[in-house]
Amino acid sequence: MNKHKVAIVGSGPAGLAAAIYTSRAEIETVVYAGEEPGGQLTKTTEIENYPGVVGKTGPELMVAMTEQAQKFGARVEYETVVDIEKLQSEYDAVILAMGASPRLLGVGEDAYWGKGFSTCAVCDAAFYKGKNVYVIGGGDSAIEDATALTKFASHVTLLVRGTEFRASKAMQKRLEQHRDQISVMWKTNLKAIKGERVEQLVLDVDGEEKVVDVEGLFFAIGHLPATGFLKESKVKLDQEGYILTQSASRLAGENIEVVWPTMTSVPGVFAAGDCVDHRYRQAGTAVGMGIAAALDCERWLESVQG
Ligand SMILES: Cc1cc2nc3c(=O)[nH]c(=O)nc-3n(C[C@H](O)[C@H](O)[C@H](O)COP(=O)(O)OP(=O)(O)OC[C@H]3O[C@@H](n4cnc5c(N)ncnc54)[C@H](O)[C@@H]3O)c2cc1C
């Protein structure tokens, strides 16, 4: 008989990595999968940068992680959690791993995941060697993505909605160093995408329609952490809605003692992955955070309940 019971909210890399560890530690583990079982990686095709995994697609990797967790006894419930307090009353501990969704524009881009459309330049830039790509956004991450793409793409065009960047001066300076490879179109909105893969973009440029040929499209218009249901709870979030674990609070400048790095402001509630991390956003880093949360959770349970 398992002594302890843990609920894991989210079935992406962070949640499933945590589930593998808690179930192997003989903690009764229930994973709530939410609306996107397997998480963000199910949107992509080949994964090239996850150590030790070669020739697998994102969905295949997530099926393997799910089966690995189930093999050790984790149960997956295809439900979405809306009430954290109820969950706390039913379990000895909770691990939050709800991830974050890239912001989209709703112009039909959903049909092009893995077909020339991506929201992760760090992950996918290398697939665009010698290609003509467009990046949408005017902030730091748009310039970061555009400059990262110059290592591979033949040319990068940044589409900016307004007449100036929101990006920091430092990032704008970085852009200037790549101006031979990056051009900027101001007052430009994406209206539609055409082709079997991403082949053409229909743009509104200062009120005039323009159609351009492209071979790749990246959105860099921000992410939304899936933490809406925590807003009225005692779990502390930062201004953008990311969960503040003890480590994250410390990094944000708060003078707190970090005893359980992955614990939130609520004892017994831990958090991991993209719902905490707005810097790295990788499957590997989410897995690492999930494992850390599972180990903190296991040790915390032993320390308070024996
Ligand atoms: C197109 C694309 C390509 C990518 N390619 C790569 C790559 O090649 N390599 C790489 O390392 N990274 C890649 N990434 C990034 C990587 O997918 C993420 O960093 C990683 O998935 C984050 O893991 P996570 O577990 O924190 O969250 P997610 O993967 O976002 O999973 C969140 C989970 O939480 C669930 N959930 C949310 N709310 C609730 C709720 N209220 N109740 C229950 N469940 C809930 C969701 O259903 C989902 O299962 C890519 C991302 C995208 C979008």
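Within segment 9-46, being closer than 12 Å to Tyr78 by Cα and hydrophobic (A, V, I, L, M, F, W, C) holds for Val9, Val30, Val31, Ala33. Of the residues in segment 156-168, at least one is of a type outside the set (A, V, I, L, M), in contact (Cβ under 8 Å) with a residue 24 or more places away in the chain, out of contact with any helix residue (DSSP H, G or I) (no Cβ under 9 Å at 6 or more places or on another chain) and under 18 Å from Leu105 (Cα atoms).
When restricted to residues that are within 9 Å of the ligand (Cβ to nearest atom), in contact with a Cys (Cβ under 9 Å, 6 or more places away or on another chain) and either open to solvent by 60 Å² or more (accessible area, probe 1.4 Å) or in a loop (DSSP other than H, G, I, E, B) (or both), segment 1-50 contains 6. Of all residues assigned to segment 238-259, at least one qualifies as being within 22 Å of Ala294 (Cβ to Cβ), assigned to a loop (DSSP other than H, G, I, E, B) and touching an Asp or Glu at 6+ places or on another chain (Cβ under 8 Å). Close contacts from segment 268-295, counting a first residue that is modelled with pLDDT under 95 and a second that is in a helix (DSSP H, G or I), with Cβ to Cβ under 6 Å and a gap of 6+ residues or different chains, come to Arg281/Asp274. The test for being of a type in the set (Val, Ile, Thr) and either open to solvent by less than 50 Å² (accessible area, probe 1.4 Å) or more than 11 Å from the ligand (Cβ to nearest atom) (or both) holds for Val184.
Filtering segment 268-301 to residues that are within 10 Å of the ligand (Cβ to nearest atom) and assigned to a loop (DSSP other than H, G, I, E, B) leaves Ala272, Val276, Asp277, Tyr280, Arg281, Gln282.
Looking only at residues in segment 187-200 that are in a loop (DSSP other than H, G, I, E, B) and open to solvent by 40 Å² or more (accessible area, probe 1.4 Å), the one that is farthest from Ala148 (Cα to Cα) is Glu196. One residue stands out in segment 201-252 among those that are among the polar types (S, T, N, Q) and surrounded by 13 or more Cβ atoms within 10 Å (Cβ to Cβ): the one that is nearest to the ligand (Cβ to nearest atom), namely Thr227. Residue pairs whose Cβ atoms lie under 6 Å apart, separated by 6 or more positions or on different chains, with the first residue in segment 106-127 and of a type outside the set (S, T, N, Q) and the second part of a loop (DSSP other than H, G, I, E, B) and more than 7 Å from the ligand (Cβ to nearest atom), are Tyr112/Val198; Gly114/Thr45; Lys115/Arg197; Gly116/Arg197; Gly116/Val198; Phe117/Val198; Ala125/Phe152; Ala126/Phe152.
The number of residues in segment 51-89 that are closer than 18 Å to Ala271 by Cα, of a type outside the set (Ser, Thr, Tyr), open to solvent by 40 Å² or more (accessible area, probe 1.4 Å) and in contact (Cβ under 8 Å) with a residue 40 or more places away in the chain comes to 4.
The values are calculated or read from the model by the stated rules, or taken from the named source; none is laboratory data. As the structure is a computational prediction, the values presented were derived from the model and not from experiment. Methodologically, a virtual Cβ is constructed for each residue, glycine included, from the backbone with ideal geometry; neighbour enumeration extends over all protein chains shown. Surface accessibility is based on the protein's heavy atoms, side chains included, excluding ligands, DNA and RNA. Shrake-Rupley method; radii C 1.70, N 1.55, O 1.52, S 1.80 Å.
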